[in-house]
Structure formats: C-alpha cells, structure tokens
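The values are calculated or read from the model by the stated rules, or taken from the named source; none is laboratory data. What you see is a predicted model, and the numbers here were worked out from it, not measured in a lab. Reconstructed Cβ throughout: ideal geometry from the backbone, glycine too, with neighbour counts over all protein chains shown. Side chains are part of the model used for accessible areas, which takes the heavy atoms of the whole protein and leaves out ligands, DNA and RNA. Shrake-Rupley method; radii C 1.70, N 1.55, O 1.52, S 1.80 Å.
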Amino acid sequence: MPDYHHLEHVKTQSRSKRTLWITLLLTFFFTIVEIVGGLLSNSLALLSDSAHMISDVIALGLSMTAIYMASRQPDSRYTFGYLRFEIIASFLNGLALAAISVGILIEGVRRFLRPEPIDFGLMLGIASIGLVVNIVLTIVLSRSMKEEDNLNVRSALWHFIGDLLSSIGVIASALLILWTGRVWFDPLVSLVIAGIIFAGGARITREAYLVLMESVPGGFDLEEIRRAIRAVEGVEDVHEMHLWAVSTEHYSLTAHVFADERIQPHCIILAINDTLQKNFGISHSTVQIEHARIHPHGEYGAAFLRRKRLGLRSSGRRV
C-alpha cells in the first residue's frame with residue numbers, strides 16, 4: 001500500500017465517539033418529548049427549544065459521521081485523509097443553527113402580534129425535565145473535552161450550553177405566565193433563545209470557515225515562527241511560508257529557505273523540524289532548501305543577494 005504521509009492523518013477518538021453516541025440517543029429521545037409537549041401546550045418557547053434540539057440531533061449526527069470519516073486512512077485521492085470532514089460538518093451545523101434561529105425569530109414576532117393561549121403547566125413540566133437532561137449532557141461533553149479536543153464535540157458542548165440556558169428561559173417564561181397571566185412572555189423568551197442559537201451558530205461557522213479558508217490557526221504568530229526558523233544555523237532567509245489547519249490540532253507548514261551553501265541541507269531541515277516541533281507543536285512540515293543564485297526568485301532573490309553582499313540579514317517577509 002502506498003505511503004502518503006509519514007505522520008498519522010487519522011483520528012482515533014474512542015472517548016469522543018462514546019460521548020457523542022450517548023448524547024445523540026438522549027437528545028433524540030428528549031427532542032420527541034419536547035415536540036409533543038410543545039404542540040400540546042401550544043408554547044412557542046418550548047417549540048423553539050425543540051427546534052434547537054432538532055438542530056442538535058442533526059449536528060450530533062454529522063459529528064458522528066465526521067469522527068468515523070476521520071478514522072479512515074488516506075488514499076491516492078484524499079492524501080490528507082478525511083479529517084477535513086470534521087470541519088465541513090461543523091460549518092454545516094453552524095449554518096443550520098443560523099437558519100433555525102431566523103425561523104424562530106419570524107414566528108416569535110408573529111406570536112407577539114397575535115398571542116395564543118398556552119398550557120403553562122405542561123410547558124413547565126417538560127421544560128424542567130429538559131433542564132435536567134441538558135445539565136447531564138453538558139457535564140458529559142465537558143468531561144470528554146478534557147481528554148480529546150475536537151471541534152465537533154466543542155460545538156456540541158456549546159449547543160447544550162445554549163440548550164441549558166434555553167431550558168432555564170422556558171421555565172422562567174412558564175412561571176412569569178403563571179404569576180402575571182401575560183402570554184407574551186412566551187414569544188419574548190423564544191426571541192432570546194433565537195439570539196442564543198444564532199450566536200452559537202455564527203461562532204461555529206466562523207471557526208470552521210477560517211479552517212476551510214486555510215487561515216493561520218489561532219494561537220500562532222507567523223512572524224514569531226519565521227524568526228525561530230531564521231535563528232536556525234545555516235538559514236539565511238525564509239519565504240513562501242504557509243501554515244494552516246487540516247482539522248482540529250492537525251497543523252501543516254511549508255516554507256522555502258535560502259541556506260548557507262557550506263552547511264548540509266538535510267542538517268538544516270532536521271534542525272528546522274526540531275524547532276517547529278519543540279517550540280510550536282508543529283510536527284508536519286515541508287521545508288524546501290534553495291540557493292538564490294541557483295533558484296531564480298526575480299526581484300526578491302536579486303534583492304536578497306544584494307543584501308547578502310552588503311552583509312545585511314534578510315527580513316524574509318515575503319509570503
């Protein structure tokens with residue numbers, strides 16, 4: 001079998017897998033309960049929360065698929081493996097949350113204009129059960145995050161933090177309706193829930209978008225990495241450097257280096273790889289050793305040679 005990478009481009013996430021299965025089954029069961037309860041009680045806040053739970057079921061289903069896909073080995077077509085599916089799933093989850101929040105917003109405005117009667121007793125009972133379920137699931141997911149960092153599990157955790165707040169909001173709505181008799185508290189809470197859902201969806205979508213656009217991952221300073229590489233003995237200039245995330249905690253770096261011709265190229269490469277691994281945790285890097293006189297770089301290479309003749313060190317700011 002061909003070897004596409006010297007490092008693993010798969011994820012074996014047994015804890016995340018077990019956690020998501022437990023979470024998916026509990027969420028699916030309670031979603032059915034909440035939909036039936038919302039329809040029987042005619043509570044928009046409860047139905048809004050059930051819509052959020054439906055999005056959770058979809059999100060968890062995508063997350064499970066992503067974990068199984070991430071465990072597949074690279075092949076001749078997908079040489080980076082299937083890790084990126086985790087990010088695609090997160091991106092779709094975020095978009096789904098945003099779409100659901102807009103639907104809840106529209107229905108909430110309609111209920112403000114045309115209030116409808118509500119069975120607050122049933123609404124309060126189901127919301128209380130939902131609060132217990134969401135507390136349990138939030139604890140389960142947060143414990144899993146301590147062992148295995150995963151964007152899908154992280155997004156699922158934020159889903160259930162939002163659900164936890166939603167359940168508290170629905171309970172507060174039911175109590176306010178009980179005490180005041182004003183049913184407009186129900187659509188008001190649904191609008192707050194819609195805001196929570198939209199904020200969570202926007203955050204997840206943005207994070208996934210940055211990975212899909214291959215931006216420099218958060219927590220890394222490209223200029224700091226460039227300076228560290230230039231500090232390696234034999235390195236005279238660093239250019240054409242790119243750093244991106246294939247998936248959560250799977251980073252790749254490529255760079256072109258003008259090197260001192262008196263030092264063996266493979267020694268420089270080994271030293272750079274060691275620097276990247278020890279200082280930045282980047283274990284997958286591709287370094288191309290070049291000589292400005294042999295490898296033409298246009299005006300950039302010519303300027304480098306002029307600085308070298310004058311004894312000036314290159315700033316290496318070309319990307």
TODO: Might you check whether a residue that is in contact with a Gly (Cβ under 8 Å, 6 or more places away or on another chain) and either open to solvent by less than 50 Å² (accessible area, probe 1.4 Å) or modelled with pLDDT of 75 or more (or both) occurs anywhere in the stretch 126-147?
DONE: yes
TODO: Consider only pairs whose beta carbons are under 7 Å apart and that are at least six residues apart or on different chains; among these, list those whose first residue lies in the stretch 65-87 and is under 22 Å from E207 (Cα atoms) and part of a helix (DSSP H, G or I) and whose second residue is open to solvent by 50 Å² or more (accessible area, probe 1.4 Å) and not polar (S, T, N, Q).
DONE: A66/F85; I67/K17; M69/F85; A70/F85; I87/L212
Task: the stretch 199-215: number of residues that are surrounded by fewer than 20 Cβ atoms within 10 Å (Cβ to Cβ) and in a helix (DSSP H, G or I) - done: 8
Task: Residue among Q264, Q288, Q277 that alone is more than 30 Å from I204 (Cα to Cα), open to solvent by 40 Å² or more (accessible area, probe 1.4 Å) and either within 34 Å of the chain's Cα centre (by Cα) or in contact (Cβ under 8 Å) with a residue 24 or more places away in the chain (or both) - done: Q288
Open item on the list: Being assigned to a strand (DSSP E or B), among the hydrophobic types (A, V, I, L, M, F, W, C) and under 27 Å from the mean Cα position of the chain (by Cα) is the requirement here; does A255 meet it?
Closed with: yes
Open item on the list: Given (1) open to solvent by 30 Å² or more (accessible area, probe 1.4 Å); (2) under 20 Å from A89 (Cα atoms); (3) polar (S, T, N, Q), identify the lone condition not met by T180.
Closed with: (2)
